Amino acid sequence: MSLRLRYALFTALLVVPLLGVLALGFGQDPHAVPSMLEGHDAPPFVLKSLEGETFDLQKLHGKPVVLNFWATWCYPCKAEHAALQAAARHYSTAVQFLGVVYQDTPETAKDYLRAQTSVFANLVDPHARMAIDYGVAGVPESYFISPQGRIVYKHAGVLDTMLLQRILDPLVLQAETMRKSGAPL
Amino acid sequence: MTVSACVLLLGVLLRVPQAAINAPTASASPAAPTASAAHQEQTVYLLGKLLRCPVCQGMPVGESPSPMARDMMQLIREKVAAGESQDAIQAYFVQRYGEWVLLAPQAQGFNWLVYLLPPLALGLCGLWTVSYLGRPGRSDSAEAVAAADLQTGDAPGTQGLPDPYLEQIQRELRK
């Protein structure tokens, strides 16, 4: 083997794996936190809403649940507010929408919601216990829970109507089928 | 490659003090209440150094001033006080945030590459350097040049090179 060929081979052995690692790294969002709970049972919670009503996830089994973590200081959360409210009105009682106030005070959240139209309850999460339990790494983050109580999808970022429909329509259908067939939840 | 290898090697080396800190943790006696409290606080401190703050830029939860990190530290403290082991608490966070939440990847499976490749690459580079410098027929080695100069009678390091000063002297002598 000639000296030049040996140099080329040696350089390729060093450079190619390094380029591979760099390409892999640059192809990923460094801020993206992996979603570990998809396909697993949603962590249970019993929390009070801003209005003082108690919500127990166990009691919501049988219908799809949308958990939306948000805060008043989060501008993307405000951007998705209208889409979420529209979806909550559209699905009415077929889907349980719940907001979860994240790293914010109940008073500030109440003030914000007073100026907006909110058709679903918003939970108070003291010390972010529920957020940590769900692996929340920022807001807005939304979790879609199946009628059986399993997390089917986690969305980090702003939701839109199309996406909500694409995820919720099959879940609503699933809940209806289960109800008709009398399948255990 | 050398820079990235050094960075990774540094990461490996930084694990050593952590292991050294771990040792007394495991052997601490829970008999006395003060020793137990100190042991608990040390476990909280260690977990705070090991776990990444999810809302920060590569900061451990124990060092981050963010409210989320503070809440995570509070949860860790409660879990430790409730008697949960360090491994169980670590597993709780890994289950929710994935291995991403660990600032030092666990030495298992594919992760072994992170720990083995840098020293391997450094070793290979060292071997190559030694073999390159020790090659007898290396044309530009200092010894080879000096030997050639001695044979030809040239001034050291000037073998085969046109010397403008020498040429000028020769021209002057010819006059």
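Observations, loosely collected:
- Estimated from helices alone, the mean residue ellipticity of chain A at 222 nm is -13500 deg cm²/dmol (sum of -39500 (n - 2.57) over DSSP H runs with n ≥ 4, per residue).
- Counted residue by residue at 0.36 nm each, then reduced by the alpha carbon distance between them, the extension gain from residue A:58 to residue A:105 reaches 14.3 nm.
- Among the residues of A:127-133, the average count of other protein chain beta-carbon atoms within 10 Å of the residue beta-carbon is 5.
- Contact order, relative form, for chain A: 28 percent (alpha carbon pairs under 8 Å, 6 or more residues apart, mean separation divided by residue count).
- Take each residue in B:70-77, count the other chain C-beta atoms within 10 Å of its C-beta, and the mean is 3.
- Using θ = phi - 60° and Karplus 6.51 cos²θ - 1.76 cosθ + 1.60, couplings along the stretch B:75-83 (whole Hz; Gly, Pro as x): 5, 4, 4, 5, 5, 5, 5, 7, x
- Most to least packed among A:47-57, B:126-136, A:74-84, B:45-55 [average Cβ atoms within 10 Å]: B:45-55, A:74-84, A:47-57, B:126-136
- Modelled spin-label separation between residue A:94 and residue B:107, with each label point placed 7 Å from Cα along the Cα-to-Cβ direction: 5.5 nm.
- Other protein chain Cβ atoms within 10 Å, averaged over every residue that makes up A:165-175: 0
- Rounded to the nearest Hz, the phi-derived 3J(HN,Hα) couplings of the stretch A:154-168 under the Karplus curve 6.51 cos²θ - 1.76 cosθ + 1.60 (θ = phi - 60°) are 10, 10, 9, x, 6, 8, 10, 4, 4, 5, 4, 5, 4, 8, 7, where x marks glycine and proline.
- With both labels modelled 7 Å from their Cα along Cα-to-Cβ, the residue B:81 to residue B:40 distance reads 0.6 nm.
- For the stretch A:1-126, average projected area of the Cα convex hull in nm²: 12.5 nm²
Since every read-out is calculated from the coordinates, none of them should be taken as a lab result. Everything numeric in this text was worked out from a predicted model, so none of it was measured. Please note: Cβ atoms are built from the backbone with ideal geometry, for glycine as well, and neighbour counts cover all protein chains shown.
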